[in-house]
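Quick notes on the structure that follows.
The values are calculated or read from the model by the stated rules, or taken from the named source; none is laboratory data. This structure is a prediction, so every number in the text was calculated from the model and none was measured. Using ideal geometry, Cβ is built from the backbone for each residue, glycine included, and neighbour counts are taken over all protein chains shown.
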There are 2 protein chains.
Amino acid sequence: MAKLQKSIDKRNALIKSTIELVNNNGFHATPMSKIAKMANVSPATIYLYFENKQDLVNQTYLEVKSNYTAFVFETYDKDTSVKTGFELIWRRIADFNRTECEYSFFLHQCNNTQIIDEPSRKEGIRHLQPLLDLWKRGKQGGVIKPISDYILYACSINPLSFLMMAQKQDQFQLTEEQVEDAFLTAWDSITL
Amino acid sequence: MAKLQKSIDKRNALIKSTIELVNNNGFHATPMSKIAKMANVSPATIYLYFENKQDLVNQTYLEVKSNYTAFVFETYDKDTSVKTGFELIWRRIADFNRTECEYSFFLHQCNNTQIIDEPSRKEGIRHLQPLLDLWKRGKQGGVIKPISDYILYACSINPLSFLMMAQKQDQFQLTEEQVEDAFLTAWDSITL
DNA sequence: AAAAAAAGAATGAACATTCATTTTTATTTA
DNA sequence: TAAATAAAAATGAATGTTCATTCTTTTTTT
């Protein structure tokens, strides 16, 4: 395949530039020419790696999303109590939001706007399966509230995105202590 | 002022069209010509009412946001118990998300992207002052957890936005019953 | 009849994408 | 091994389109 001959470094540089520029200006306000310049590449070169602008952003999304899930479940062990398991996952997500703030912000933008096309977004959703399985077990064991996974997610995981955004906008500082508070709150919200 | 001579209907139509088109295509993918067409107006006419595209979207944002706050606190009475007060506000927000879904979605997009360059976008949750005051009282009375307002907001109010988004993307149906679940979850999360 | 509001067409800039060349890399031949 | 050639990758400069904004004219209101 031709693809594999081409420099993986260049592809990465393009993806990195895309993230940074989309984060700062939004997708439609980010010209290909700027992405190229930031990646030290000619505009034409982008089209050797990606079909077009939409493909570039879709692939960037999928790549970031897969980094995200890999990170989140890296330390997960499904043979633990529901509480331990949840805490493991939750804290990894919190870490990701804190340490990989650029990725996190990019994902947030993609999830909350019309940047990404449907198929890519759909593909992104499946990634949290282990957490859903854990919740299922928790519901069966009478630990987790027997309510929609969407509500569980909205109340326990999504707040981290919001706090990350608030932090990014300098409205709020997400310190260690705040993370503790947020965890206890998340746990309280989803348990019986 | 000339402004007041011009038709308020046209201005409203422009704002309405802006919301609808930005919701469906995003700001930068929405041409002025389409906004004009949807509002049954010539493109040039937009510039009689707004300075330019940025001004149009900024003003739309301010207008929607002020509708939101007016709606949310319309029924609020600060001389009630913390629980009653919170429930009043929370349910109004839920209603707004359900019945004024277009407004709600638009606000969400503005709050989570770089569309708006209005200082007021950076004000965070300050526009919800009565709610913050209520929480203060709740903290003093030992009802509400003594933690950052941002965390309280993230866990009890923000989930509604998330659920509205999920609904908008047809992943989820926010029924009456789900609203009940969500309310109990929200209340559990912020109380001691 | 004058002033204000609205319109459609024109302008010029920005931008995604493609084209024609050049540069780099890999392969073959002597 | 080194020169010669072929293939791949990369480029800068076009291309053609889209679009925000403005200009000139027409319509409506006062």
Looking at this structure, is B:Phe162 surrounded by fewer than 21 Cβ atoms within 10 Å (Cβ to Cβ) and aromatic (Phe, Trp, Tyr)?
no
Enumeration of residues in region B:29-60 that are hydroxyl-bearing (Ser, Thr, Tyr), surrounded by 14 or more Cβ atoms within 10 Å (Cβ to Cβ) and more than 7 Å from DNA strand D (Cβ to nearest atom):
B:Thr45, B:Tyr49, B:Thr60
Quickly run through region B:139-185 and pick out the residues that are at the interface with another protein chain (Cβ under 7 Å from one of its Cβ atoms), of a type outside the set (Val, Ile, Thr), over 23 Å from A:Thr113 (Cα atoms) and assigned to a helix (DSSP H, G or I).
B:Gln178, B:Asp181, B:Ala182
Evaluation of A:Gln171 against (1) modelled with pLDDT of 95 or more; (2) more than 18 Å from the chain's Cα centre (by Cα) (one fails), failing number:
(1)
Suppose we filter region B:136-159 for residues that are surrounded by fewer than 22 Cβ atoms within 10 Å (Cβ to Cβ) and free of Cβ contacts under 8 Å to residues at least 60 places away in the same chain; how many remain?
11
Top-ranked residue in region A:106-118 [being buried (at least 22 other Cβ atoms within 10 Å of the Cβ) and more than 8 Å from every other protein chain (Cβ to nearest Cβ); ranked as nearest to A:Gln54 (Cα to Cα)]:
A:Ile116
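Name the helices (runs of 4 or more DSSP H) wholly within region A:1-106 that hold at least 3 residues that are under 26 Å from B:Asn112 (Cα atoms) and near DNA strand C (Cβ under 10 Å from one of its atoms)? Lay out the reasoning, then the answer.
Working: elements: A:2-5, A:8-25, A:32-38, A:43-49, A:53-73, A:82-99.
Where helices (runs of 4 or more DSSP H) fall fully within region A:1-106 and carry at least 3 residues being under 26 Å from B:Asn112 (Cα atoms) and near DNA strand C (Cβ under 10 Å from one of its atoms), they are A:32-38, A:53-73.
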